[in-house]
1. Applying the selection to region 86-118, what residues are in a loop (DSSP other than H, G, I, E, B) and either under 15 Å from the mean Cα position of the chain (by Cα) or free of Cβ contacts under 8 Å to residues at least 24 places away in the same chain (or both)?
2. Out of 60, 89, 47, report the one residue that is loosely packed, with under 14 Cβ neighbours inside 10 Å and closer than 30 Å to residue 245 by Cα.
3. Residue by residue through region 175-195, note down the ones that are part of a loop (DSSP other than H, G, I, E, B) and surrounded by 17 or more Cβ atoms within 10 Å (Cβ to Cβ).
4. Inside region 119-174, can you point out the residues that are in contact with a helix residue (DSSP H, G or I) (Cβ under 7 Å, 6 or more places away or on another chain) and part of a loop (DSSP other than H, G, I, E, B)?
5. Just to be sure I understand the filter: pairs with C-beta atoms under 6 Å, separated by 6 or more residues or on different chains, first member in region 185-203 and more than 12 Å from residue 95 (Cβ to Cβ), second member modelled with pLDDT under 95 and surrounded by 11 or more Cβ atoms within 10 Å (Cβ to Cβ). Which pairs pass?
6. Based on this model, can you work out whether residue 5 counts as within 27 Å of residue 230 (Cα to Cα) and either loosely packed, with under 13 Cβ neighbours inside 10 Å or at pLDDT 70 or above (or both)?
């Protein structure tokens with residue numbers, strides 16, 4: 001009787017141990033799976049963070065190059081404005097001498113910042129994925145300062161553009177005689193729209209307006225170049241900070 005009752009008790013105890021062992025193994029397996037999943041998620045976030053750094057770095061590089069192109073364009077515009085102003089103040093018999101440089105003194109390449117990466121980060125709500133607080137603050141500060149500088153540039157340009165519309169007597173000024181438009185108007189219409197010889201009279205409105213316009217063009221172009229160089233310097237500094245993190249997997 002003792003042997004008969006002892007066998008089931010022993011079998012139940014052994015089954016219970018196996019069951020406990022299996023439960024422990026399942027729990028360990030779940031914990032390992034969760035740990036692997038967490039590790040994968042952290043790895044994905046890290047890769048995403050590095051990708052954003054790389055994209056911002058690329059945008060900064062584009063900005064640095066674009067600033068150079070814009071400054072070259074502003075230099076050419078300043079040269080044209082200086083030449084026109086010099087010839088104007090020397091009093092010209094032939095107005096064509098002045099009009100030859102007029103359009104060149106109005107035009108220059110506009111700098112457009114490359115902001116695809118930072119716009120993506122901020123608009124998608126993924127700014128929190130940038131875990132390096134020092135670097136994140138530097139990035140945000142750069143774009144805040146850039147927006148301010150470009151706001152000043154745009155404001156100055158609007159003020160300068162208004163000078164163009166101050167030539168209320170466009171026909172008298174001779175816009176139709178500009179080299180770009182001569183063929184458009186044709187010889188007959190050019191004769192009918194004959195302009196005045198304001199360039200010989202320093203006291204005339206058109207003479208004074210053009211003088212002030214070219215004067216301010218030279219000044220505002222220089223101010224724009226100064227602001228763009230500031231943006232470029234900041235972009236260089238930030239790109240040096242970002243570059244080590246761009247491909248880091250730490």
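The values are calculated or read from the model by the stated rules, or taken from the named source; none is laboratory data. Please read these numbers as outputs of a predicted model, since none were measured by experiment. All Cβ positions, even for glycine, are placed from backbone atoms using ideal geometry, and neighbour counts span all protein chains on display.
1. Residues of region 86-118 in a loop (DSSP other than H, G, I, E, B): 90-95, 103-115.
Across region 86-118, the qualifying residues are 90, 94, 109, 110, 111, 112, 113, 114, 115.
2. On the way: 60 fails: loosely packed, with under 14 Cβ neighbours inside 10 Å; 89 fails: closer than 30 Å to residue 245 by Cα.
Within the list 60, 89, 47, the selection yields 47.
3. So the first thing to find is which residues in region 175-195 are part of a loop (DSSP other than H, G, I, E, B), and the list is 178-181, 193-195.
Listed by number, the list holds a single entry, 195.
4. Hits for region 119-174 are 130, 131, 132, 166, 167, 169, 174.
5. 185/176; 193/171; 193/176
6. Details: within 27 Å of residue 230 (Cα to Cα): no; either loosely packed, with under 13 Cβ neighbours inside 10 Å or at pLDDT 70 or above (or both): yes.
Criteria not met by residue 5.
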